[in-house]
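The structure under discussion appears below in the form of structure tokens.
The values are calculated or read from the model by the stated rules, or taken from the named source; none is laboratory data. Model, not experiment: these values are computed from the prediction. A quick note on method: Cβ atoms are made from the backbone with ideal geometry, for glycine too, and the neighbour counts reach across all protein chains shown.
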Amino acid sequence: MIGFEMILAVDIGNTTTMFGMFSGNKLIDYFRIDSRGNKEYGSLMTVDELGIMVTQLLKSHSKTENDVEGMALCSVVPDLNPVYIGLADKYYGVKPWLLDCNATLDMKILYDDPRQVGADRLANALAAKKLYGTPAVVVDLGTATTFDVINSEGDYIGGVIAPGVLTSSAELFRRAAKLFPVKLERPEKCIGRNTADSMRSGIFYGSLGQMDYLISRIISEMNEKDIKVIATGGHAEKFAPFSKYIQKVDPTLTLKGIMMAYERNV
């Protein structure tokens with residue numbers, strides 16, 4: 001697709017939603033918002049609340065609603081989809097395209113039931129294949145930590161879903177009466193000398209160990225050479241420098257994959 005002003009690629013996640021502003025196939029800027037409007041009451045944003053917020057954010061990037069000529073959605077939160085469809089219609093006058101397993105992706109999906117693969121995982125796999133080559137493993141550290149695997153033939157062959165770093169730690173804080181929330185950061189030493197450092201160590205090094213162990217198992221089962229390991233997601237830059245396997249961090253990998261799929265299908 002050539003000649004459009006701007007396409008908004010939107011990655012609707014459980015915790016945060018990312019907007020990517022694309023001119024042609026080039027990502028010119030991006031921003032994040034909380035996926036749900038009122039965290040205290042768990043309510044959803046209305047179309048107008050979302051529209052006002054996104055309009056202001058576009059203005060801060062020297063863009064207006066008139067610049068938006070299309071919207072590509074990737075969602076793992078179905079109850080938010082109507083709000084974003086309403087946003088596209090009311091504020092931009094466009095019909096959004098929604099990524100799912102029925103899209104033409106130039107990539108076979110070898111899951112037992114392709115409908116069970118999250119759209120964000122498909123976007124990650126597609127972008128990794130196109131940008132970094134195959135075979136590849138994508139680690140997405142978000143609400144869940146997902147591992148997606150592309151073989152040397154360029155096929156999506158499956159992956160792993162594990163609890164996200166903050167998801168598992170939040171459950172620890174909730175269930176253990178004497179424990180309390182701590183900031184996610186890497187302690188200098190594994191052996192903590194107080195409760196806070198002990199929890200930081202368990203959360204950080206426990207998550208790192210889980211991630212590297214799963215990557216090692218995946219690599220072993222793939223039985224391929226020169227496997228690329230790419231990390232994305234909100235916590236990728238915290239963990240990647242200390243991983244034995246991660247070679248590249250791409251914080252906008254999902255957005256790029258959404259846009260690649262959009263260009264192929266629209």
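Some notes on this structure:
- Lone unmet requirement of (1) over 19 Å from residue 235 (Cα atoms); (2) more than 24 Å from the chain's Cα centre (by Cα) for residue 199: (1)
- Members of region 145-186 that are hydrophobic (A, V, I, L, M, F, W, C) and within 27 Å of residue 124 (Cβ to Cβ): 147, 149, 150, 157, 160, 161, 162, 165, 166, 170, 184
- Criterion applied to 55, 64 was being out of contact with any Lys or Arg (no Cβ under 8 Å at 6 or more places or on another chain) and modelled with pLDDT under 90, and the one residue passing it is 64.
- Within region 42-78, the set of residues being part of a helix (DSSP H, G or I), aliphatic (A, V, I, L, M) and within 22 Å of the chain's Cα centre (by Cα) comprises 50, 53, 54, 57, 58.
- Residue 262 being of a type in the set (Phe, Trp, Tyr) and without any contact (Cβ under 8 Å) to a residue 60 or more places away in the chain: no
- Restricted to region 240-255, and to residues there that are buried (at least 24 other Cβ atoms within 10 Å of the Cβ) and touching a helix residue (DSSP H, G or I) at 6+ places or on another chain (Cβ under 6 Å), the residue that is nearest to residue 35 (Cα to Cα) is 254.
- Region 217-266: number of residues that are assigned to a helix (DSSP H, G or I) and of a type in the set (Lys, Arg): 4
- Here residue 237 passes the criteria (1) within 22 Å of residue 111 (Cα to Cα); (2) surrounded by fewer than 18 Cβ atoms within 10 Å (Cβ to Cβ) except the one numbered (1).
- If you go through region 76-93 and keep only what is of a type in the set (Gly, Ala, Ser) and either farther than 15 Å from residue 19 by Cβ or out of contact with any strand residue (DSSP E or B) (no Cβ under 8 Å at 6 or more places or on another chain) (or both), you end up with 86, 93.
- Scanning region 234-258 for residues being within 15 Å of the chain's Cα centre (by Cα) and small (Gly, Ala, Ser) gives a total of 3.
- Test result for residue 196, in a helix (DSSP H, G or I), out of contact with any strand residue (DSSP E or B) (no Cβ under 9 Å at 6 or more places or on another chain), among the aliphatic types (A, V, I, L, M) and farther than 18 Å from residue 122 by Cβ: yes
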